[in-house]
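**Q** Below: one structure in structure tokens.
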Amino acid sequence: MIAAMQPLDGTHRRPSQPLPELAADCHMHVFGPFERFPLAAGRAYNVAEAPLAVHERMKRAVGLERTVLVQASGHGEDNRAMLAALAQLGVHGRAVAVVPPGFPAEDLQAMHAAGVRGLRLNLVTFGARYSGDRAQLVGDYERMLAPLGWHLQVFADAATLRLLEPALIRCGVPVVIDHMGLPDAAGGTGQPGFQAVLRLAAAPHVWVKLAGADRITRASGKLRDAIPFMRALAAVAPGRLVWGSDWPHIGFHPGEQVQGGELLPYRGVDAGELLDVLIEAFPDARARHAILAANPARLYGFNG
């Protein structure tokens, strides 16, 4: 039996500079309530419930207003928990769903009406399930997304993105790269995988999420080590960057089927500290306004 709750109301300090009006957290997840929305049988971790209300309190603490929910792998292709949270957010909410290729068009239309604006292709967790032609898979999703004007969000490490580079460059719908392409900050911005991310980011239809600073600096534990990567991305795609907290910060795991019922604790990450890294990377308030407010409004179609 999975434990239902883990305290998530950590202290989130106010950022050193005020955030722009309508600033958005463009990457977060919800889990549960499990009595209504259980975790998927095929999952890589056991986690406690992570309710939207706790994320809303974090937003108020740091000065965020808009939210983009991203379907988490722990709920598999069952988007009900995410959609229920989205319904509570109203005009300040958008979402990215996970569905298989060939998902019915009428169901996608219903998701669009609810506020979904993209689909996520996760090549990290259970990546072996996509052992076939991944370039063809990108094309399959492109055909699903194009009629809706949605984007394809790709969760992959830098090495995988390097292999997929031709297919993503050819993609006829916007592409959003998760977590800066997951480079290892210890390898510097010159590492081949991140150079592929930069080439992709230079394409006019490719966006990048400045999320996961804590992920890419895992080796050093120093969030500021992510700053050179943020600045390198801004040099090629200043109008196509968005920021996300990655709340509730799922613990690191091998991405394979979980065995047993041991709970994977959430990592205590201060959203205010993450935002201060962004502020240090971009001292110009106009650049932060683009990343936190203007760019998300364009990508996700926020209108309130």
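**Q** Would you mind stating whether G193 is outside any strand (DSSP E or B), within 23 Å of M82 (Cα to Cα), modelled with pLDDT under 95 and in contact with a helix residue (DSSP H, G or I) (Cβ under 7 Å, 6 or more places away or on another chain)?
**A** Criteria not met by G193.
**Q** Of the residues that sit in region 286-304 and are more than 19 Å from A237 (Cβ to Cβ) and more than 18 Å from the chain's Cα centre (by Cα), which one is modelled with the lowest pLDDT?
**A** In this case the residue turns out to be G304.
**Q** Hey, another quick one. What's the number of the condition F34 fails, among (1) crowded, with 19+ Cβ neighbours inside 10 Å; (2) closer than 21 Å to P7 by Cα; (3) not charged (D, E, K, R)?
**A** (1)
**Q** For the list (1) within 19 Å of the chain's Cα centre (by Cα); (2) open to solvent by 40 Å² or more (accessible area, probe 1.4 Å), I need the number of the one condition that F103 fails.
**A** The one condition F103 does not meet is (1).
**Q** Residue under question is A234, and the condition is that it be surrounded by fewer than 22 Cβ atoms within 10 Å (Cβ to Cβ), modelled with pLDDT of 95 or more and in contact with a strand residue (DSSP E or B) (Cβ under 9 Å, 6 or more places away or on another chain); does it hold? So that I can check it myself, show each step before the final result.
**A** Details: surrounded by fewer than 22 Cβ atoms within 10 Å (Cβ to Cβ): yes; modelled with pLDDT of 95 or more: yes; in contact with a strand residue (DSSP E or B) (Cβ under 9 Å, 6 or more places away or on another chain): yes.
Spelling it out, A234 is indeed surrounded by fewer than 22 Cβ atoms within 10 Å (Cβ to Cβ), modelled with pLDDT of 95 or more and in contact with a strand residue (DSSP E or B) (Cβ under 9 Å, 6 or more places away or on another chain).
**Q** From the list V96, V175, which residue is in contact with a strand residue (DSSP E or B) (Cβ under 9 Å, 6 or more places away or on another chain) and under 23 Å from A40 (Cβ atoms)?
**A** Testing whether each residue is in contact with a strand residue (DSSP E or B) (Cβ under 9 Å, 6 or more places away or on another chain) and under 23 Å from A40 (Cβ atoms) leaves just V96.
**Q** From the residues in region 80-100 that are outside any helix (DSSP H, G or I) and under 22 Å from N303 (Cβ atoms), which one is most open to solvent (accessible area, probe 1.4 Å)?
**A** Looking at residues that are outside any helix (DSSP H, G or I) and under 22 Å from N303 (Cβ atoms), I get R94.
**Q** Continuing with this model, one more query. Could you say whether any residue in region 126-135 is at pLDDT 95 or above and assigned to a loop (DSSP other than H, G, I, E, B)?
**A** Checked against the condition, which is being at pLDDT 95 or above and assigned to a loop (DSSP other than H, G, I, E, B), region 126-135 yields no hits at all.
**Q** Could you tell me which numbered condition T67 fails, if it satisfies all but one of (1) of a type in the set (S, T, Y); (2) outside any strand (DSSP E or B); (3) within 26 Å of L264 (Cβ to Cβ); (4) in contact with a strand residue (DSSP E or B) (Cβ under 7 Å, 6 or more places away or on another chain)?
**A** Single failed check for T67: (2).
**Q** Say we look at region 169-186 and pick out the residues that are under 26 Å from D225 (Cβ atoms) and either in a helix (DSSP H, G or I) or without any contact (Cβ under 8 Å) to a residue 24 or more places away in the chain (or both); which of these is most open to solvent (accessible area, probe 1.4 Å)? First the steps, then the outcome.
**A** Of all residues in region 169-186, those under 26 Å from D225 (Cβ atoms) come to 175-186.
Next, from what is left, pick out any that are either in a helix (DSSP H, G or I) or without any contact (Cβ under 8 Å) to a residue 24 or more places away in the chain (or both): 178-181, 185-186.
Numbers: D178: 0, H179: 1, M180: 0, G181: 0, A185: 19, A186: 87 Å².
My answer is A186.
**Q** Another one. Quick test of your reading of the structure: H151 fulfils all but one of (1) in contact with a helix residue (DSSP H, G or I) (Cβ under 8 Å, 6 or more places away or on another chain); (2) open to solvent by 30 Å² or more (accessible area, probe 1.4 Å); (3) of a type outside the set (A, V, I, L, M, F, W, C). Name the failing condition by number.
**A** H151 satisfies all of (1) in contact with a helix residue (DSSP H, G or I) (Cβ under 8 Å, 6 or more places away or on another chain); (2) open to solvent by 30 Å² or more (accessible area, probe 1.4 Å); (3) of a type outside the set (A, V, I, L, M, F, W, C) except (2).
**Q** Residue by residue through region 196-225, note down the ones that are open to solvent by less than 30 Å² (accessible area, probe 1.4 Å) and not hydrophobic (A, V, I, L, M, F, W, C). I'd like the intermediate steps shown before the answer.
**A** Of all residues in region 196-225, those open to solvent by less than 30 Å² (accessible area, probe 1.4 Å) come to 196-198, 200-201, 203, 206-214, 216-217, 223.
Result: K209, G212, D214, T217.
The values are calculated or read from the model by the stated rules, or taken from the named source; none is laboratory data. The structure presented is a predicted model; accordingly, all values stated were derived computationally and were not measured. All Cβ positions, glycine included, derive from the backbone under ideal geometry; neighbour counts span all protein chains shown. The accessibility values were calculated without ligands, DNA or RNA, using every heavy atom of the protein model including side chains. Shrake-Rupley method; radii C 1.70, N 1.55, O 1.52, S 1.80 Å.
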